[in-house]
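Q: Once you've had a glance at the structure underneath, I'll fire off some questions.
The values are calculated or read from the model by the stated rules, or taken from the named source; none is laboratory data. Because the structure is predicted, anything quoted here is derived from the model rather than measured. Heads up, the Cβs are rebuilt from the backbone with ideal geometry, glycines too, and the neighbour counts pull from every protein chain shown. Accessible surface areas use protein heavy atoms only, side chains included; no ligands, DNA or RNA. Shrake-Rupley method; radii C 1.70, N 1.55, O 1.52, S 1.80 Å.
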Amino acid sequence: MTKSEALYQEALQVIPGGVNSPVRAFGSIGATPKFIRSAQGAYLYDEDGMQYIDYVGSWGPMILGHGRQEVLEQAISACRRGLSFGAATAAEVEMAELVCGMVPSVEMVRMVNSGTEAVMSAIRVARGYTGRNKIIKFSGCYHGHSDGLLVKAGSGAMTAGVPDSLGVPSGCTQDTLSAAYNDLESVEGIFRMCGEEIAAVVVEPVAANMGVVPPVPGFLEGLRSLCSAYGALLVFDEVITGFRLGADGAQGYYHVAPDLTAFGKIIGGGMPVGAYGGRREVMELVAPLGGVYQAGTLSGNPVAMAAGIAQLTALKAHPEWYQQLNGQAERFFQGIGAILQKLGLPYQVNYVGSLGCLYFTGQAVTDYESAKSSDTGLFARYCREMMERGIYLAPSQFEAIFVSMAHTEEILGRTLELMEKCLGACGQ
């Protein structure tokens, strides 16, 4: 029995499912979790001493790679001054100024502790600002585990909210309406029926929780127009895309400005942190300035702020890094496509910038329904074989591949070589 397997058996006795987040479980691929001991650059090292090329990157925030020197130095220095104060610090102001300076649609920002908290709070602000209750979300888009957003995918253009988890009362989701991602007509239909009741449309500008599904041309622009016409707010969940597609996120990449934006742990260099922000007149409703209450003892934690300031400052100072990263990632994902063509395999590769996904399906993936056509059994076999060869992938067909600035051309090339062997074995 390996150390990871032994730790997993121990964990099962004291942690539900043996993991502290379902995305870390390997049950869907018929394996047990790898327990990670350390990380550096593009690599992870598990408790058994195995080395892996990491394409999870702590689910996105490690855009500079693991153990980036300037980030670590600032975090360690902050630790020495104190881990938590429960009081205002200069670092919070510096972080807020950085975010507002990098993302034009954000004029004011509030720090929180996670992406879940950021989206939940942004929606509360949208409801407070508009005086309305209903929100529109999209099937297959994940916005954290708050009660009102755990809603099953609906097959119609408008679906009454049905809780997607035990313990969530139906009343919590009765004002959550589901539309089809990349289907502007489904959104228009909901607005025609109850547009005066809709507070906000919340969307991942690039859907990155059903694999990676880019927006079709006109989709985000159409959402912007509908929200403006009906007096609803457009909320971008940029927990994954924020500061990854570019210094100003997906909204800069696609040139569509939301009213509110939620960010995740990338603004903390991987530390537990999140933020939401937007137009000044909207954010001025947040307590203690306004009547929308939201609080957090650890919000703006000084260690997380120090790490985040170091990461965002580096990204802001080097816009050319994004061009380099996105170019390398594009060649990598095109390389996967070339392998599929060479082997005669009908699978699909979706990507935007440094985010991508290989789907085990023969049809184009443009929404939740087409993503679900993937052969998850085949993916499981492929994922296990990649792990055995030292390539660490998310243990789910419906998660993204994250490329970081620490992934050199040599590392990406070696990954493609191993991937061709695995895909060849799976395609037989």
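Q: On the accessible surface of the chain, probed at 1.4 Å, how many percent belong to carbon and sulfur atoms?
A: Carbon with sulfur: 52 percent of the solvent-accessible area.
Q: Using a simple spin-label model with points 7 Å from Cα along the Cα→Cβ vector, what separation in nm is obtained for GLU70 and LEU166?
A: Simple spin-label model gives 4.9 nm for this pair.
Q: Would you compute, for the Cα atoms of region 146-303, the largest minus smallest coordinate along each principal axis and list the three values in descending order, in whole Å?
A: Computed over region 146-303, the largest-to-smallest principal extents equal 46, 36, 33 Å.
Q: Looking at [x] 77, 52, 42; [y] 64, 57, 56; [z] 56, 54, 48, which value of Cα extents along the principal axes in Å comes from a calculation on the structure shown?
A: [z]
Q: Right, next: Give the Rg (one decimal place) followed by the Dmax (whole number) of region 275-400, computed from C-alpha coordinates and expressed in Å.
A: Both quantities, over Cα of region 275-400: 20.8, 60 Å.
Q: Ok, one more. State the three equivalent ellipsoid semi-axes of region 333-380, derived from the C-alpha gyration tensor as the square roots of 5 times its eigenvalues, in descending order and whole Å.
A: With the √(5λ) rule applied to region 333-380, the semi-axes are 16, 14, 9 Å.
Q: Efficiency by 1/(1 + (r/R0)^6): what FRET value for GLU5 and GLU188, r their Cβ-Cβ distance, R0 = 56 Å, to the nearest 0.05?
A: Working: r = 52 Å, r/R0 = 0.92.
With a Förster radius of 56 Å, E is 0.60.
Q: Below 8 Å, C-alpha to C-alpha, sequence gap of six or more: please give me the relative contact order for region 1-62 in percent.
A: Averaging sequence separation for qualifying contacts and normalising by length gives 25 percent for region 1-62.
Q: Continuing with the same structure: Set the Förster distance to 35 Å, then compute FRET efficiency between ASN133 and HIS318 from the Cβ-Cβ distance, nearest 0.05.
A: The calculated FRET efficiency here is 0.20.
Q: Ok, one more. Taking only Cα atoms of region 1-79, what ratio of Rg to Rh do you get with Rh as the Kirkwood inverse-distance radius?
A: Value, to two decimals: 1.02.
Q: Shifting gears a bit: Short version: ³J(HN,Hα) in whole Hz for each residue of region 285-300, in order, from phi by Karplus 6.51 cos²θ - 1.76 cosθ + 1.60 (θ = phi - 60°), x for Gly and Pro, what are they?
A: Values per residue, Gly and Pro as x: 7, 6, 4, x, 6, x, x, 8, 7, 7, 8, x, 4, 9, 4, x Hz.
Q: Only helical DSSP H runs with n ≥ 4 go in: add -39500 (n - 2.57) per run for the chain, normalise by residue count and round the 222 nm mean residue ellipticity to 500 deg cm²/dmol.
A: Computed mean residue ellipticity for the chain: -12000 deg cm²/dmol.
Q: With the chain treated as a Gaussian network of Cα nodes joined by springs under 10 Å, which of SER354, SER139, SER170 yields the largest mean-square fluctuation?
A: Its mean-square fluctuation being the largest, the pick is SER170.
Q: Between LYS421 and ARG331, what length comes free when the chain is fully extended (0.36 nm per residue of separation minus the Cα-Cα distance, one decimal in nm)?
A: 30.5 nm
Q: Next up: Over all alpha-carbon pairs of region 4-155, lay out the pair-distance distribution in 10 Å bins, whole %, shortest bin first.
A: Here the calculated profile for region 4-155 is 8, 23, 32, 27, 10, 0.
Q: Oh, and also: Using alpha carbon coordinates only, what is the Rg to Rh ratio of region 92-151, with Rh defined as the Kirkwood radius?
A: Expressed as Rg/Rh, it is 1.01.
Q: A further question on this structure: Which order do HIS66, HIS145 take when ranked by solvent-accessible area (1.4 Å probe, heavy atoms of all protein chains), largest first?
A: Largest accessible area first, the residues go HIS145, HIS66.
Q: Would you mind pulling out the separation of the Cα centroids of region 268-319 and region 228-257, in Å?
A: Here the answer is 16 Å between Cα centres.
Q: If you consider only alpha-carbon coordinates, what radius of gyration and Dmax does region 181-270 have, in Å?
A: Looking at region 181-270, its Cα Rg and Dmax stand at 13.2, 43 Å.
Q: Another question about this same structure. Could you work out how far the C-alpha centroid of region 65-112 sits from that of region 325-356, in angstrom?
A: One Cα centre to the other: 35 Å.
Q: Let me ask something else about it. Please work out the Cα convex hull volume for region 290-361 and give it in Å³ per residue. Can you show the working numbers first?
A: Working: hull volume 12.4 nm³, N = 72.
Here the figure is 173 Å³ per residue.
Q: Restricting to Cα atoms and excluding each atom paired with itself, what does the Kirkwood estimate give for region 330-428 in Å?
A: When all Cα pairs of region 330-428 are included, the Kirkwood radius is 13.6 Å.
Q: Okay, next question. Each residue of region 366-374 in turn: what ³J(HN,Hα) in whole Hz from Karplus with 6.51, -1.76, 1.60 and θ = phi - 60°, glycine and Pro shown as x?
A: Taking θ as phi minus 60°, the curve returns 10, 7, 5, 5, 6, 5, 5, 6, 5 Hz for region 366-374.
Q: Pop out the ³J(HN,Hα) list for region 138-144 in order, Karplus 6.51 cos²θ - 1.76 cosθ + 1.60 with θ = phi - 60°, rounded to Hz; leave Gly and Pro as x.
A: So the Karplus estimates, Gly and Pro as x, are 10, 4, x, 8, 10, 10, x Hz.
Q: Right, something else. Take each complete run of DSSP H in the chain, measure how far its Cα atoms stretch along the helix's own axis, and keep only those covering 30 Å or more with mean Kyte-Doolittle hydropathy at least -0.5; list them.
A: TM-like helix candidates: 320-343.
Q: Please compute the per residue accessible area over the chain with all protein chains in place, 1.4 Å probe, rounded to a whole number of Å².
A: Each residue of the chain exposes 42 Å² on average to a 1.4 Å probe.
Q: I've got another one for you. Going from most exposed to least, what order do CYS100, CYS422 have by accessible area with a 1.4 Å probe?
A: Numbers: CYS100 35, CYS422 0 Å².
So, going from the largest accessible area down, we get CYS100, CYS422.
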